[in-house]
Amino acid sequence: MLAQEIVQRVQLGQRSPREVVEDYLKRIEQLEPQIHAFIRLNPKALHEAQTVEERLARGESLPLAGVPVAVKDNICTQGLETTCGSKMLASFVPPYSATVIEKLRKAGAIVIAKANMDEFAMGSSTEYSAFGPTRNPWDLERVPGGTSGGSAAAVAADMVPVALGTDTGGSVRQPAALCGVYGFKPTYGRISRFGVVATASSLDQVGTLARSVADLALLSDVVSGYDPKDSTSLEAQPQFGQALEAPVKGMTVGIVKEALAVGNSPGVLAALERFRTVMEGQGVRFVEVGIPTLEHALAAYYIVNTAEISSNLARYDGTLYGLRVPAEDSVTTMMQSREHGFGPEVQRRVLMGTFVLSSGYYDAYYGKALRARAKLKADMDAAFAQADLLLTPTSPFPAFRFGEKTTDPLSMYLADIDTVAVNLTGAPALSIPAGFEGKLPVGLQLIGKPLHDEQLFSLAHAFEQATERAFARVASSA
Ligand code: GLN
């Protein structure tokens, strides 16, 4: 069911939050053995549904009344394990909840499960989870994308109507595209990062996933907004729901030519063409724009990303919390804890990040990457002088097979070619389900000017309506 329908039924008294959660738990029991979208179910979900029922009875108005939500396992939930998909935090129970969790609860949502993810949000396929991979509900032989692969697969299979993920370089948008759902990464600062385990702090944002634009807006409105506990939080008022019906006639969309030159698969190109034809019919104008620095975005991203990872992950030292493998002295304890606690991709990033920050190489790598980041931002601003929004594929190809990219880390990094620029510049972006290649979903990415996130919802909604919701269906094998 869609979240909107659940809220409506609950508010009309046709279904109680407890019944909704029971229905979803049944569906999860049926599908989870094949899909493995979750690391853990919330054992208190039914109890929490009961509390929502009592609040409704007291007359509280709850915008997400009774809506079950899956939350990526790097978002802290008080009293409920938060593992980051890592052995390092396998038994970590946070003493407090992230701001987004507080906001969900306040709105009457129920956190039903913690979703699977690539370890510490590094990867593009959810194969790097220490708890085993998630399968794509459209084809169980293929990956769901990553790193929020559990969240995307759960929404695609309707094991939950909506979910939260995080997006450091595409981790909400790319799995959304590969699983045929909507995925939104807001302007940096519009959703609080308080209580979200850091991967690369200047790039990290919480994002939302849903099977309709209205549901995406509903959830995004609830979790966004200023938070004094996050020093990078912005004052902007979320108005995503209101943006749905805004007219799109007269908007200009810039098709980014560099994103077309990277060898996109036929289904992706067909979806772009269709989007253009459908939206031209709605009075949207299309122009071609260039972002010359885009070809350096991936290289700059993997330097900034690993540099920040090497600093952020220094806290896992086997002393205060997380895995501890005791040894004769503290240095050996630290080395052993990190060696056993972190998987190969995390170790690779920590090593790379330490290297690019080391004194002899700082300017050659990190300094240069920061200059590329500034130039990319200037190029994007120039593109936005010609267009209200930009359009690219979300991923050059649909879901790939298990093991296809794990043996070659560079080929895995290339999966992020369309998504990382947005994180480097802080812009908002939304991946929309826009077609199929064979039975596999294909996504397109709309990019907005910073703080103009609402326009993405207007355009996505207009396309969804014009195509009569043809592309965001519950996954065929679910
Ligand atoms: N795939 C990208 C990476 O591995 C993005 C990850 C993310 O957004 N968390 O860094």
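Read-outs throughout are calculated quantities, based only on the coordinates presented, and are distinct from any laboratory measurement. Note that the structure is predicted; figures quoted are calculated from it, not measured. We place every Cβ from the backbone using ideal geometry, glycine too, and count neighbours over all the protein chains shown.
The stretch between residue 242 and residue 351 holds 34.7 nm of extra length on full extension. This uses 0.36 nm per residue minus the Cα-Cα distance.
Give me the net charge for the shell around residue 193: Cβ to Cβ below 12 angstrom, other residues only, Lys and Arg +1, Asp and Glu -1.
Values: positive: 190, 229; negative: 167, 204, 227, 230.
Computed value for this residue: -2.
Computed over the chain, relative contact order equals 18 percent, with contacts defined as Cα pairs under 8 Å that lie 6+ residues apart.
Spin-label model, residue 362 to residue 273: label points 7 Å out along the Cα-to-beta-carbon direction sit 5.2 nm apart. Full extension of the chain between residue 81 and residue 329 yields a length gain of 86.4 nm, computed as 0.36 nm times the residue separation minus the alpha carbon distance. What fraction of the DSSP beta bridges in region 68-181 is antiparallel, stated in percent and rounded to the nearest 5? Here the antiparallel bridges make up roughly 20 percent for region 68-181. The H on the amide N of residue 86, modeled in the peptide plane, is under 5 Å from the matching H of 120, 130, each at least 5 residues off or on a different chain. Remark on residue 286: its backbone amide H falls under 5 Å from those of 253, a criterion applied only to residues 5 or more positions apart or on other chains, H modelled at 1.01 Å from N. Ordering 422, 214, 137 by the projection of their Cα atoms onto the charge dipole of the chain, which places +1 on the Cβ of Lys and Arg and -1 on the Cβ of Asp and Glu, puts 214 at the extreme positive end. Over 21 Å, how big is the tail of the calculated P(r) for region 284-366, in percent of all Cα pairs? So the pairs more than 21 Å apart make up 47 percent of the total in region 284-366. Listed by chain and number, the aspartates and glutamates whose C-alpha is less than 15 Å from the C-alpha of residue 87, apart from same-chain residues fewer than 8 away, are 73, 118, 119, 127, 317, 339, 345. What percentages, rounded to whole numbers, describe P(r) for region 41-95 computed over all alpha carbon pairs with 10 Å bin width beginning at zero? Spelled out bin by bin, region 41-95 gives 22, 40, 27, 10, 1 percent. 3J(HN,Hα) along region 147-155, derived from phi through the Karplus expression 6.51 cos²θ - 1.76 cosθ + 1.60 where θ = phi - 60°, amounts to 9, 8, x, x, 4, 5, 5, 5, 5 Hz, with x in place of Gly and Pro.
Rounded to the nearest 500, what is the chain's calculated 222 nm mean residue ellipticity when only DSSP H runs of at least 4 contribute -39500 (n - 2.57) each, over all residues? Before the final figure, lay out each step's value.
Values: 17 runs with 185 residues, N = 478.
Mean residue ellipticity, 222 nm, calculated: -11500 deg cm²/dmol.
The charge dipole of region 106-205, taken about its Cα centre with unit charges on the Cβ of Lys, Arg, Asp and Glu (plus for the first two, minus for the last two), comes to roughly 380 debye.
Based on the Stokes-Einstein relation at 20 °C and a viscosity of 1.002 mPa s, and on the Kirkwood radius from alpha carbon pairs, the chain is assigned a translational diffusion coefficient of 97 µm²/s. Return, ordered by residue number, the residues of region 86-129 whose backbone nitrogen is under 11 Å from a label point located 7 Å along Cα→Cβ of residue 402. Within reach of a label on residue 402: 127.
What pairs in 375/449; 185/449; 229/377; 72/377; 103/229; 106/229 have C-alpha atoms more than 22 Å from each other? Checking Cα-Cα distances, 229/377; 72/377 exceed 22 Å. Once the Cβ-Cβ distance of residue 295 and residue 8 is raised to the sixth power relative to R0 = 51 Å, the FRET efficiency obtained is 0.60. Computed from backbone phi with θ = phi - 60° and the Karplus coefficients 6.51, -1.76 and 1.60, the 3J(HN,Hα) list for region 287-295 is 10, 9, 10, x, 10, x, 6, 4, 5 Hz; x is used for glycine and proline. The amide H of residue 69, built 1.01 Å from its N in the peptide plane, has 110, 111, 112, 113 as neighbours under 5 Å, considering only residues 5 or more places off or on other chains. With an a/c value of 1.5 or above and a/b not larger than b/c for the gyration tensor axes a ≥ b ≥ c computed over the alpha-carbon atoms, region 174-312 is described as oblate. Put a plus charge on the Cβ of each Lys and Arg, a minus charge on the Cβ of each Asp and Glu, and nothing anywhere else: the dipole of region 267-403 about its Cα centre is then about 100 debye. Converting phi to 3J(HN,Hα) with the Karplus coefficients 6.51, -1.76 and 1.60 and the offset θ = phi - 60°, region 18-25 yields 4, 5, 4, 5, 4, 4, 5, 5 Hz in sequence order, with x at every glycine or proline.
Using the Cα centre of the chain as the reference point, and only Cβ charges (+1 on K/R, -1 on D/E), how large is the resulting charge dipole? Debye, rounded to the nearest 20. Walk me through the numbers before you get to the answer.
Values: 44 positive and 51 negative charges, 39 e Å.
Taking the Cα centre of the chain as origin, the dipole is about 180 debye.
Here the gap between residue 314 and residue 34, fully extended at 0.36 nm per residue and compared with their Cα-Cα distance, gives a gain of 97.2 nm. Computed on region 108-237, with alpha-carbon pairs under 8 angstrom and 6+ residues apart, the relative contact order is 20 percent.
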